[in-house]
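Comments concern the structure below.
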Amino acid sequence: MDDDYDDRNLDAGDRMDLESDPGEELENPEVVLKECAEKFATPDYIMEPGIFTQLKRYFQSGGNPLQVIEELSSNYTAVAQMANLIAEWLIIGGVKVQDVQAMVENHLKDMILKTFDPKKADIIFTQDVETPAWLTQLIEHPTWRSLIYRLAEEYPDCLMLNFTIKLISDAGFQGEITSISTAAQQLEVFSRVLKTSILSFLSNPENWQNTSRECAKMVCHGQHTYVYSQVVIHVLARESKGGSIMRRLSQEITKCAQKNGNDVTPITMALNGASAYPQACQALTAMLSKNTLNPADISVLFRNYNSPDPPPIDLVRTPQFLELLVDSLFKAGVKLNPDYKPKYIHLLAYAASVVEVQGKKGQKRTQIKEELQATVKAIETVHKICNTNKGSSELMADLGTIYQCLRFPVVSIGIIRWVECTVTEPSYFKLSTEHTPIHLALLDEVVSCHPLLHDQVLDLLIRLFESKQDELEILVQLEMRKMVLDRMVNLLCSGCVVPVVKYIKQCWQKGDTDVSLIRYFVTEVLETIGPPYSYEFVNLFMPMVENDEITGTMRADGENDPVSEFIVYCKAHYTPIV
């Protein structure tokens, strides 16, 4: 048998592996033979990637070829081959190839997740100088990349996983790892992920809320990622093209950090140049850190912004500060000292209306001054109305005045806040007698005047639509929700089409909304709209229109009803989007 043994079954590379290296340090033969014997005794060791390395050590230490053949053969259980055989049987039995592959991959993923040992994984990089070829092939498959992401979250200190994350980023898949904490530990990888996230935000303006939320979540992973990202975005915000958009992204990230309970005020103040104005900086920092306004600091800011050389306007345009001012002036139940109230109003009006102009200001400054005075007057007028706790009938006399003041965006924001506080009171709809309460009618005017406030109004309407009105009778609840749907239809007619239809479609698909309400919305929309339509609108709206449960009772004989007319027109002019 010994005479029959040769290396004819090994290729040239394998034979080179089994040859000794003259410069290699010799190991203790007894120790090597014992270690190799233990490894050869494990099931299916012949399938291990390091088999030839161990054979080389074994033979160099005087190992018996016959013994190793017997050991490897007797411990060969063919687990991998049996798995392949069963997979072939399943395919022959009629199971789809994709389903069989998913079954095998998912089971293998579960096994790896249960048995993964980061210390053993790191040995790969202590033994091999080059990147293993199998690792490069592995990251080409989405299934195994997702496995790496899960393992990286669980074992953030694993060298092998950190290296693999970098390989994935180098291969161009950084868009998949925006939520991976491991990426935050490597500057090069994180920079790519940040770039991808910012590009997603810039290239999807219609979906800016979701893209900014995802970017903020990634940036707020840690202190170092927050500071690094905000500095990068701050530099980009200085660009003349797109700078304002980047400032908005920075503000959304700051809001996300504050919601997570982090005080990022010092970082915000350092980036916006507040240190050059120590008094204003100290006053703002004190209020933002505590998330509350106080008359003393408001007085300091008022003096600074009424001086001949006021601080930059960006300091008081910090979103957190503006929200505090709006709450103090328009939120129900907030009482301000009459002596300080004009200062609150002035600062809010200043932030909302003043524009900084470089070079000669002359006539422009006069226009700015007039706009500031008009804004102050509008805020004062509406603030006074909102703080007198007037009922709907009493508000009728002030409607004309309020409508005139709503042309100022800052006043409209205040009205939204005031209406929100009023209509979300548990007893509001119980005591309301009008079909459309005046407070909600005011939102219709806001929607007509300020497209940029559509998202805020829609958020409020969604909260009202989903609110529990247990004190009302069932039929009264339905009427109340129909009234809210009327407001949403008005929002749709004012340009907020896709967000409104998308929300109603979600309500229908979840099945937790009375179908009569969905039918009411579809009816109102069909009576309001007319061609041409956007492909996105048709793709969202058509499934509801075609559903028999929703529109079955709305159809007449022939094609003279709005439902049939819409369906016929869309099928003739639009190709369904899959």
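The values are calculated or read from the model by the stated rules, or taken from the named source; none is laboratory data. These numbers come from a predicted model, not from an experiment. Counting neighbours? That spans all protein chains shown, and the Cβs are built from the backbone with ideal geometry, glycine included. The protein model used for the area step is the full one, side chains on, heavy atoms only, and it has no ligands, DNA or RNA in it. Shrake-Rupley method; radii C 1.70, N 1.55, O 1.52, S 1.80 Å.
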**Message:** Pairs please, first residue from region 516-545 and under 15 Å from LYS571 (Cβ atoms) and free of Cβ contacts under 8 Å to residues at least 60 places away in the same chain, second anywhere and of a type in the set (Gly, Ala, Ser) and surrounded by fewer than 19 Cβ atoms within 10 Å (Cβ to Cβ), Cβ atoms under 9 Å, 6+ apart in sequence or on different chains.
**Reply:** none
**Request:** Out of the residues in region 197-209 that are of a type outside the set (A, V, I, L, M) and at pLDDT 85 or above, state the one that is farthest from CYS256 (Cα to Cα).
**Result:** SER203
**Request:** Could you tell me which of the residues MET544, MET480, MET488 is open to solvent by less than 90 Å² (accessible area, probe 1.4 Å), farther than 30 Å from SER427 by Cβ and at pLDDT 90 or above?
**Result:** MET544
**Request:** Being without any contact (Cβ under 8 Å) to a residue 40 or more places away in the chain and either exposed (fewer than 14 other Cβ atoms within 10 Å of the Cβ) or in a loop (DSSP other than H, G, I, E, B) (or both) is the filter here, so list the residues in region 397-419 that pass it.
**Result:** ALA397, GLY400, GLN404
**Request:** Considering each residue of region 554-572, count those that are in a helix (DSSP H, G or I) and modelled with pLDDT under 85, and give that number.
**Result:** 1
**Message:** So, in region 332-354, how many residues would count as being farther than 24 Å from VAL264 by Cα, surrounded by 15 or more Cβ atoms within 10 Å (Cβ to Cβ) and of a type outside the set (A, V, I, L, M)?
**Reply:** 6
**Item:** Number of positions in region 65-94 that are β-branched (Val, Ile, Thr), open to solvent by 60 Å² or more (accessible area, probe 1.4 Å) and either in contact with a helix residue (DSSP H, G or I) (Cβ under 7 Å, 6 or more places away or on another chain) or assigned to a loop (DSSP other than H, G, I, E, B) (or both)
**Value:** 2
**Asked** Restricted to region 264-282, and to residues that are of a type in the set (Ser, Thr, Tyr) and part of a helix (DSSP H, G or I), which residue is nearest to VAL231 (Cα to Cα)?
**Response** THR268
**Fill in**
Of the residues in region 143-179 that are open to solvent by 40 Å² or more (accessible area, probe 1.4 Å) and among the charged types (D, E, K, R), the one that is nearest to the chain's Cα centre (by Cα) is GLU176
**Prompt:** Can you name every residue in region 497-522 that is under 26 Å from the mean Cα position of the chain (by Cα) and of a type in the set (Lys, Arg)?
**Reply:** LYS502, LYS505, LYS510
**Request:** Name the one entry in VAL498, VAL484 that is in contact (Cβ under 8 Å) with a residue 60 or more places away in the chain and either assigned to a helix (DSSP H, G or I) or farther than 23 Å from GLU445 by Cβ (or both).
**Result:** VAL498
**Asked** Looking at ARG519, is it buried (at least 18 other Cβ atoms within 10 Å of the Cβ) and under 26 Å from LEU431 (Cβ atoms)?
**Response** no
**Message:** I need a count of the residues in region 420-473 that are closer than 21 Å to GLY495 by Cα, in contact (Cβ under 8 Å) with a residue 12 or more places away in the chain, not hydrophobic (A, V, I, L, M, F, W, C) and not in a loop (DSSP other than H, G, I, E, B).
**Reply:** 8
**Subset of region 215-232 [over 11 Å from ILE253 (Cβ atoms) and open to solvent by 70 Å² or more (accessible area, probe 1.4 Å)]** = HIS221, GLN223, HIS224, TYR228
**Fill in**
By residue number, the members of region 283-316 that are open to solvent by less than 40 Å² (accessible area, probe 1.4 Å), assigned to a helix (DSSP H, G or I) and of a type in the set (A, V, I, L, M) are ALA283, LEU284, ALA286, MET287, LEU288, ILE298, VAL300, LEU301, ILE313, LEU315, VAL316
**Item:** Matching residues in region 307-348 - criterion: being more than 23 Å from HIS439 (Cβ to Cβ), of a type in the set (S, T, N, Q) and in contact (Cβ under 8 Å) with a residue 24 or more places away in the chain
**Value:** THR318, GLN320, ASN337
**Asked** What number goes with the only condition from (1) at pLDDT below 85; (2) assigned to a loop (DSSP other than H, G, I, E, B); (3) not hydrophobic (A, V, I, L, M, F, W, C) that GLU140 does not pass?
**Response** (1)
**Subset of region 522-540 that is part of a helix (DSSP H, G or I) and of a type in the set (Phe, Trp, Tyr) - its residue that is least open to solvent (accessible area, probe 1.4 Å)** = PHE537
**Asked** Do you know which residues across region 523-562 are more than 36 Å from the chain's Cα centre (by Cα) and not hydroxyl-bearing (Ser, Thr, Tyr)?
**Response** GLY552, MET554, ARG555, ALA556, ASP557, GLY558, GLU559, ASN560, ASP561, PRO562
**Item:** Complete set of residues in region 541-553 that are part of a helix (DSSP H, G or I) and under 21 Å from TYR503 (Cβ atoms)
**Value:** PHE541, MET542, PRO543, MET544, VAL545, GLU546, GLU549, ILE550, THR551
**Request:** Look through region 259-281, keep the residues that are polar (S, T, N, Q) and open to solvent by less than 50 Å² (accessible area, probe 1.4 Å), and return whichever of them is farthest from LYS217 (Cα to Cα).
**Result:** ASN272
